[in-house]
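K.L.:
Here's a structure for you.
The values are calculated or read from the model by the stated rules, or taken from the named source; none is laboratory data. Keep in mind that what you see is a predicted model, and the values were worked out from it rather than measured. Quick reminder, even Gly has a Cβ in these numbers, built from the backbone with ideal geometry, and neighbours come from all protein chains shown. The protein model used for the area step is the full one, side chains on, heavy atoms only, and it has no ligands, DNA or RNA in it. Shrake-Rupley method; radii C 1.70, N 1.55, O 1.52, S 1.80 Å.
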Amino acid sequence: MLARSVTALSQALAAKEISSVELTQLYLDRIALHNPSINAFITVDARKSLAQAKAADELRAVGKGGAGAGPLTGIPLAQKDIFCSKGWLTTCGSKMLGNFVSPYDATVIERFNDAGAVMLGKTNMDEFAMGSSNETSYYGAVKNPWDRGRVSGGSSGGSAAAVAARLAPAATGTDTGGSIRQPAALCNLTGLKPTYGVVSRYGMIAFASSLDQAGPMGRTAEDCALLLNTMVGFDPRDSTSVSREKEDYLGMLSARADGKPLTGLKIGLPQEFFGASERTGCTAEVMHLVEEAIAEYRKLGAETVDISLPNMKLSVPAYYVIAPAEASSNLSRFDGVRYGYRAPEYGDLNEMYFRSRAQGFGDEVKRRILIGTYVLSHGYYDAYYLQAQRIRRLIANDFVAAFRQCDVIMGPTSPSTAFSLGEKAADPVQMYLSDIYTIAVNLAGLPGMSIPCGFANSLPAGLQLIGDYFCEAKLLNIAHRYQQATDWHLRYPPEIG
Ligand code: GLN
């Protein structure tokens, strides 16, 4: 069962080969066995999960073939701890929310609940999703199941590690500057960050609201399509939610075809992604694997065109102005008054604020708040924040021009495979540079994916696919075609078994 995709598990449940209670118990047992050494979950509540599983079994039992049941009914899923989940501890990886039991569900959670999915637990993450290695979590670093001395990637590293170690068949993540794609790459998963506005942000704890977007993480493009079907849709409670006709991402995946099924597809290769390694920091091993993956795409019939994203080099600096600016505003709500951590001792009201925030937030979060308030301050607003917004527009325009020449853009997801725990922890700029390939996509609001494309020294690498606005179905198809021809995505960490 553990080797099966969500799609296959769904068939097994429908065929009554296994019940949801049995399946959920299987994963709970595995979590109990392996989570202590991986630290992928912050919260597991077997009683709650099994109650959901029982309800799903009952739904599937009603009538012939379980009328009312959908493809996700009874499927256990891991949810990133950034999603408010009613009755569950929802920490966002922070001490600040260490005692916060959410009184309501995020839209994403509500939709999975309505689909009958089972919540297996809440996954570990960088504090308030700030990080690229999952080392900033108050609940400790997540260990990469491929090598437990290495990082799982951040900030959705708990979700990635959980699926890679097969503690869950699939999971959710969120991506503000790469946090779905980068951990997917480092843990050998398929992850999709949809177009901004496609998935509701309601109840998803805000980091940088104009960049945050939730998406699925699984082993295959097919599983991501299945999860995305449930996640998307207009939500009046999110003012940036996009109203558009629903697509059936799974139904739109192409059937297996031999020969050159991607004939006519134009893949754009930005010179800035493939140029001198001193600019991108990309290792020769990762570059080699990405080039081999692109060669495979050529075999499938696609052609490549050289393109340019001239403002790409400004994406990391622009992001690290805009994201902290928004974060400093979003995080002002954590004041120790209504919910969350409150310092045990204080003199007056102001001291209560100061101490609660000083004790509740970790170093990286404080660093972002300081940068954010600085760039928004009266004297520096024009020089930093406004300038970064202008650059953001230029970057988005670069993509508009690029998509006149190609259907999809490809390149590495992360400049390296998983690095060692602690390796970059003391140098924030080095850490920020590991987002060099992913951040521009968020600044432009485009959809992006990472898919497994091979191994260097037994560590997985990811190929990034970037699509035009609302081209999720196309991206999933392009990924699916590759997965029909390769088996990188089916490998799992030998150490965990
Ligand atoms: N690594 C980036 C940051 O720390 C992106 C994180 C994310 O996508 N949530 O801001």
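K.L.:
Looking at the stretch 108-214 from every direction and averaging, what is the projected area of its Cα convex hull in nm²? Write out the running numbers ahead of the final one.
P.N.:
Working: hull surface 25.0 nm².
Mean shadow area of the hull around the Cα atoms is 6.2 nm².
K.L.:
Report, to two decimal places, the Cα Rg of the stretch 161-291 normalised by 2.2 N^0.38 Å (N = number of residues). Working shown, then result.
P.N.:
Values: Rg = 16.9 Å, N = 131, 2.2 N^0.38 = 14.0 Å.
Relative to the 2.2 N^0.38 Å estimate, the stretch 161-291 comes out at 1.21.
K.L.:
Where in the stretch 330-394 are there trypsin sites (Lys or Arg not before Pro) that are in a DSSP coil and have at most 11 other Cβ atoms within 10 angstrom of their Cβ?
P.N.:
On the way: sites: R333, R338, R342, R355, R357, K366, R367, R368, R390, R392, R393; in loops: R338, R342.
Here the sparse-neighbourhood loop sites are R338.
K.L.:
Same structure again: Taking every pair of Cα atoms in the stretch 276-413, average 1/r, invert it to obtain the Kirkwood radius, and report Rg/Rh to two decimals. Before the final figure, lay out each step's value.
P.N.:
Details: Rg = 21.8 Å, Rh = 18.7 Å.
Using Cα coordinates only, the ratio equals 1.17.
K.L.:
Can you give me the C-alpha center-to-center distance between the stretch 370-426 and the stretch 317-354, rounded to a whole angstrom?
P.N.:
With the stretch 370-426 and the stretch 317-354 each reduced to a Cα centre, they are spaced 24 Å.
K.L.:
Right, next: So, with a 1.4 angstrom probe, what is the percent of accessible area on the chain that is carbon and sulfur? Intermediate values should be presented prior to the final figure.
P.N.:
Working: 9710 of 18220 Å².
Taking all protein chains in place, the chain shows 53 percent carbon and sulfur surface.
K.L.:
Still on this structure: Are any of the pairs K80/K143; K143/K366; K313/K474; K80/K193; K193/K299 more than 20 Å apart by Cα-Cα distance, and if so, which? List each step's numbers first, then the result.
P.N.:
Values: K80/K143 16 Å; K143/K366 24 Å; K313/K474 27 Å; K80/K193 14 Å; K193/K299 27 Å.
Exceeds cut-off: K143/K366; K313/K474; K193/K299.
K.L.:
Only helices at least 24 Å long along their axis, Cα-based, and averaging 0.0 or more on Kyte-Doolittle count here, so list those DSSP H runs from the chain.
P.N.:
Going by DSSP H runs, the hits are 20-38.
K.L.:
Moving on. When the scattering of the stretch 421-477 is computed by the Debye formula from its Cα atoms alone, each counted once and equally, what is log10 I(q)/I(0) at q = 0.23 Å⁻¹?
P.N.:
-0.98
K.L.:
Also: Hand me the GluC sites (Glu not before Pro) from the stretch 191-296 located in a DSSP loop with no more than 10 other Cβ atoms within 10 Å, in residue order please. Please list the in-between numbers first.
P.N.:
Details: sites: E222, E245, E247, E272, E278, E285, E291, E292, E296; in loops: E245, E247.
Of the GluC sites (Glu not before Pro), the ones in loops of the stretch 191-296 whose Cβ has at most 10 other Cβ atoms within 10 Å are E245.
K.L.:
Sticking with this one: Convert each backbone phi in the stretch 431-441 into a coupling constant with the Karplus relation 6.51 cos²θ - 1.76 cosθ + 1.60 (shift: θ = phi - 60°), then list the ³J(HN,Hα) values in order as whole Hz, x for Gly and Pro.
P.N.:
Result, ordered by residue: 5, 4, 6, 6, 9, 4, 8, 9, 5, 4, 4 Hz.
K.L.:
Also: Consider just the alpha-carbon atoms of the stretch 38-107 and return their Rg together with their Dmax, both in angstrom.
P.N.:
14.7, 48
K.L.:
log10 I(q)/I(0), Debye, Cα-only the chain, no solvent, q = 0.08 Å⁻¹?
P.N.:
Values, matching the q order: -0.44.
K.L.:
Take every Cα-Cα distance within the stretch 150-190, group them into 10 Å bins from 0 onward, and report for each bin the whole-number percent of pairs it holds.
P.N.:
Calculated over all Cα pairs of the stretch 150-190, the distribution is 39, 56, 4 percent.
K.L.:
Show the residues, 5+ positions off or on another chain, whose built amide H is closer than 5 Å to the amide H of F41.
P.N.:
When sequence neighbours closer than 5 places are left aside, the close amide H contacts are N124.
K.L.:
Determine, from the Cβ-Cβ distance of A485 and N350 and an R0 of 41 Å, the FRET efficiency 1/(1 + (r/R0)^6), rounded to the nearest 0.05.
P.N.:
Working: r = 62 Å, r/R0 = 1.52.
In this case the efficiency is close to 0.10.
K.L.:
Over the C-alpha atoms of the stretch 1-74, what are the Rg and the largest Cα-to-Cα span, Dmax, in Å?
P.N.:
According to the Cα coordinates of the stretch 1-74, Rg and Dmax are 13.2, 43 Å.
K.L.:
Still on this structure, please answer the following. With a cut-off of at most 16 other beta carbons within 10 Å, and DSSP calling the residue loop, which trypsin sites (Lys or Arg not before Pro) in the stretch 253-315 qualify? Please list them.
P.N.:
Values: sites: R256, K266, R279, R298, K299, K313; in loops: R256.
Listed in order of number, the matching sites are R256.
K.L.:
Summing -39500 (n - 2.57) over the DSSP H runs of n ≥ 4 in the chain and dividing by its residue number, what mean residue ellipticity at 222 nm do you reach, to the nearest 500 deg cm²/dmol?
P.N.:
On the way: 17 runs with 186 residues, N = 497.
Result for the chain, helices only: -11500 deg cm²/dmol.
K.L.:
Just to confirm a number: summing +1 for Lys and Arg and -1 for Asp and Glu over residues other than V441 whose beta-carbon lies under 11 angstrom from that of V441, what do you get?
P.N.:
Working: positive: R181, K193; negative: D175, D435.
Summing Lys and Arg as +1 and Asp and Glu as -1 gives 0.
K.L.:
Over 11 Å apart: what share of the alpha carbon pairs of the stretch 450-497 falls there, rounded to a whole percent?
P.N.:
Details: 801 of 1128 pairs.
Roughly 71 percent, once rounded to a whole number.
K.L.:
I would also like to ask the following. Per residue, how many Å² of accessible area does the chain show with a 1.4 Å probe?
P.N.:
On the way: 18220 Å² over 497 residues.
Computed with neighbouring chains in place, this is 37 Å² per residue.
K.L.:
Using the C-alpha atoms of the stretch 1-132, what convex hull volume per residue, in cubic angstrom, is computed?
P.N.:
Numbers: hull volume 14.8 nm³, N = 132.
So the per-residue hull volume is 112 Å³.
K.L.:
Given Cα positions, please report Rg to Rh for the stretch 388-494, the hydrodynamic radius being the Kirkwood one. Let's see the in-between values first.
P.N.:
Working: Rg = 15.7 Å, Rh = 15.5 Å.
Rounded to two decimals, Rg over Rh is 1.01.
K.L.:
Okay, next question. Three principal axis extents, largest first, for the C-alpha atoms of the stretch 337-419, in Å?
P.N.:
63, 38, 24
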